[in-house]
Amino acid sequence: MDVLRACLGFPKQDVFESVNVTDLPLNHAYILANTGMDEVGVYTLADDCIGCPYSLRQRLHSGLNHSWAVDAGVPSTWRLMNTAHADTLTARSGLICQFRPSLGEYGVYRLDIGECNLVPALDPINIYLPLVFWCLLLAAAYGLAAAARVMLNRRRSSEDPEQGDEKSIKPTVEVVKMPTLYVVRGLLLSTIIFLTTGGGGYTVLTRDWFGYTLAECLFYAYVWTVGVKIPTTVDQAYALGYTKCNVFADILKVSR
């Protein structure tokens with residue numbers, strides 16, 4: 001059951017102590033903390049915010065239990081201050097410690113102020129396991145469909161081997177297909193739509209890498225498949241005896 005929950009992207013436990021883990025958004029984790037000091041301020045600074053000051057994330061008061069959710073997909077630096085005197089922070093006055101936590105989705109962590117780190121209380125899930133699981137499931141479904149199609153074609157050929165000779169259909173430009181290219185183009189387009197609509201909450205898929213996103217790179221690949229199809233179709237049309245006027249007439253007919 002735990003393996004199935006992990007493959008489907010569910011947390012290992014629905015409720016842990018005083019927090020409901022199922023209420024967490026994608027790519028988030030819970031932080032539990034308490035302190036014996038009068039007041040401690042938890043300030044954070046995300047790596048993708050260049051030139052920004054540290055912002056106050058949570059105020060901790062003596063003798064109280066605190067819990068809050070944080071984005072586990074964005075690397076950040078934390079500073080613990082012995083007072084939360086402002087919403088933003090640029091100086092180091094009152095600094096207790098500074099560290100960079102490593103967080104995982106649907107994890108629960110305890111903030112240890114003395115050791116200046118986060119201790120896992122509930123282990124996070126592997127966020128890429130559901131993605132791999134569904135990709136393998138779709139690939140298996142596609143493989144079964146392709147195998148069934150091949151077997152069906154062989155059965156039809158064995159039942160009527162002269163069926164193809166009896167039909168005399170004049171081939172056109174549209175009859176000559178490139179199924180592999182169509183499949184690649186469809187996968188690229190569906191992946192681009194997936195990435196540009198949030199990428200399922202996987203920040204590694206939507207992050208800017210050296211000025212380019214993964215969706216932009218896949219769009220260039222999609223344009224390349226379109227460019228490959230054009231000369232290939234024209235060459236096939238010439239091989240079938242079509243003239244340039246016939247090719248342009250077919251293009252206009254399809255584009256209407």
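Read-outs: derived from the displayed coordinates by stated rules, not from any lab. These numbers come from a predicted model, not from an experiment. Neighbour counts are summed over all protein chains in view; Cβ atoms, including those assigned to glycine, are modelled from backbone coordinates with ideal geometry.
Between GLU159 and THR88, what is the label-to-label distance in nm when each label sits 7 Å out along the Cα-to-Cβ direction?
In this crude spin-label approximation the distance works out to 7.4 nm.
Points 7 angstrom from Cα along the Cβ direction at CYS49 and PHE194: gap in nanometres?
The answer from the label model is 3.1 nm.
Around GLN58, which amide H atoms from residues at least 5 apart in sequence, or from another chain, sit under 5 Å from its own amide H, with H modelled in the peptide plane?
Long-range HN contacts for GLN58: VAL42.
Hey, can you rank 38-47, 187-196 by average C-beta count inside 10 Å, highest first?
With the highest mean Cβ count within 10 Å placed first, the list reads 38-47, 187-196.
Compute the length gained on full extension between ILE230 and ASP250: take 0.36 nm times their separation in residues and subtract their Cα-Cα distance, giving the result in nm to one decimal.
So the extension gain works out to 5.9 nm.
For the chain, which cysteines have no second Cys with its Cβ under 4.7 Å from theirs?
CYS7, CYS135, CYS217, CYS245
Counting helices only, and only those DSSP H runs with n ≥ 4, report the 222 nm mean residue ellipticity of the chain as the sum of -39,500 (n - 2.57) divided by its residues, in deg cm²/dmol to the nearest 500.
Working: 7 runs with 103 residues, N = 256.
Taken over the chain, the calculation gives -13000 deg cm²/dmol.
By Kyte-Doolittle mean hydropathy of at least 1.0 and Cα axial length of at least 20 Å, which whole DSSP H helices of the chain are selected?
Membrane-span-like by this rule: 179-196.
Just how many % of Cα pairs in the chain lie over 28 Å apart, if you round to the nearest whole percent?
Taking all Cα-Cα pairs of the chain, the fraction more than 28 Å apart is 58 percent.
Scan the stretch 55-97 for trypsin sites (Lys or Arg not before Pro) in coil per DSSP, keeping those whose Cβ has at most 11 other Cβ atoms within 10 Å, and list them by number.
Counting only loop positions with at most 11 other Cβ atoms within 10 Å, the trypsin sites (Lys or Arg not before Pro) in the stretch 55-97 are ARG92.
Please name whichever of GLY104, SER67, PRO130 sits farthest to the positive end of the charge dipole of the chain, dipole taken about the Cα centre and charges placed at Cβ: Lys and Arg +1, Asp and Glu -1.
PRO130
Note the full-extension length gain between ASN65 and ASP23 as 0.36 nm times their separation in residues minus their Cα-Cα distance, in nm to one decimal.
Full extension of this stretch gives 13.2 nm more.
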